[in-house]
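The values are calculated or read from the model by the stated rules, or taken from the named source; none is laboratory data. Just so you know, these numbers come straight off a predicted model, no measurement behind them. Every residue, glycine as well, gets a Cβ built from its backbone with ideal geometry; the counts of neighbours run over all protein chains shown.
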Amino acid sequence: MCKNASDADQTTGVLVPAVAAETAQRDLDNHIFAYDHSTELASGITAADVAGYFTNGGTADTFTMAANGAGVLVTGSSEDTPESPIQIWWIDSGLDGDGTDVTANDVKLLVQSADLLDLNLMTAEQLLV
């Protein structure tokens with residue numbers, strides 16, 4: 001199972017879920033995080049939604065990103081009956097040519113599950129390449 005966001009072990013490549021927007025800020029740079037966006041969107045969320053999870057990209061303060069940093073975010077819902085697909089995002093603060101913040105242009109959807117799945121069923125081993 002995935003580690004909890006409050007765990008101190010946040011080494012590169014460890015899948016660490018942050019399950020609520022009120023969770024303390026997490027540095028996404030060089031990490032893989034799972035995030036329960038807790039919305040019921042059968043089509044998933046957008047790049048603009050993801051950018052809004054960053055202190056400099058919206059009102060939420062869930063994640064931070066180092067200047068010219070990059071990381072992976074896995075989003076979905078963790079409901080008993082999943083209401084959204086699992087989406088895997090590449091986030092690189094330099095994609096828009098700026099490098100100082102995270103905007104929708106810095107967020108790229110890599111893959112989306114074909115079915116509605118429970119984010120809690122993801123494990124770090126499923127993402128190792």
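The table below lists the values:
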item	result
Output for region 98-129, where each listed residue is exposed (fewer than 14 other Cβ atoms within 10 Å of the Cβ), outside any loop (DSSP other than H, G, I, E, B) and at pLDDT below 80	Leu121, Glu125, Gln126
Residue selected from region 32-58 under the condition touching a Gly at 6+ places or on another chain (Cβ under 6 Å) and assigned to a loop (DSSP other than H, G, I, E, B), by the criterion modelled with the highest pLDDT	Gly52
Evaluation of Asp61 against (1) of a type in the set (Asp, Glu); (2) surrounded by fewer than 21 Cβ atoms within 10 Å (Cβ to Cβ); (3) modelled with pLDDT of 70 or more (one fails), failing number	(3)
Every residue from region 77-97 that is assigned to a strand (DSSP E or B) and of a type outside the set (A, V, I, L, M, F, W, C)	Ser77, Pro85, Gln87, Asp92
Verdict on Val102 being closer than 17 Å to Ser43 by Cβ and aliphatic (A, V, I, L, M)	no
Subset tally (residues that are at pLDDT 50 or above, surrounded by fewer than 20 Cβ atoms within 10 Å (Cβ to Cβ) and among the hydrophobic types (A, V, I, L, M, F, W, C)) for region 7-31	1
Residue list for region 105-115, filter: closer than 16 Å to Val74 by Cα and under 17 Å from the mean Cα position of the chain (by Cα)	Asp106, Val107, Lys108, Leu109, Leu110, Val111, Gln112, Ser113
Scan of region 57-105 for residues that are within 19 Å of His31 (Cβ to Cβ), among the acidic types (Asp, Glu) and either without any contact (Cβ under 8 Å) to a residue 24 or more places away in the chain or in contact with a strand residue (DSSP E or B) (Cβ under 6 Å, 6 or more places away or on another chain) (or both), ordered by number	Asp92
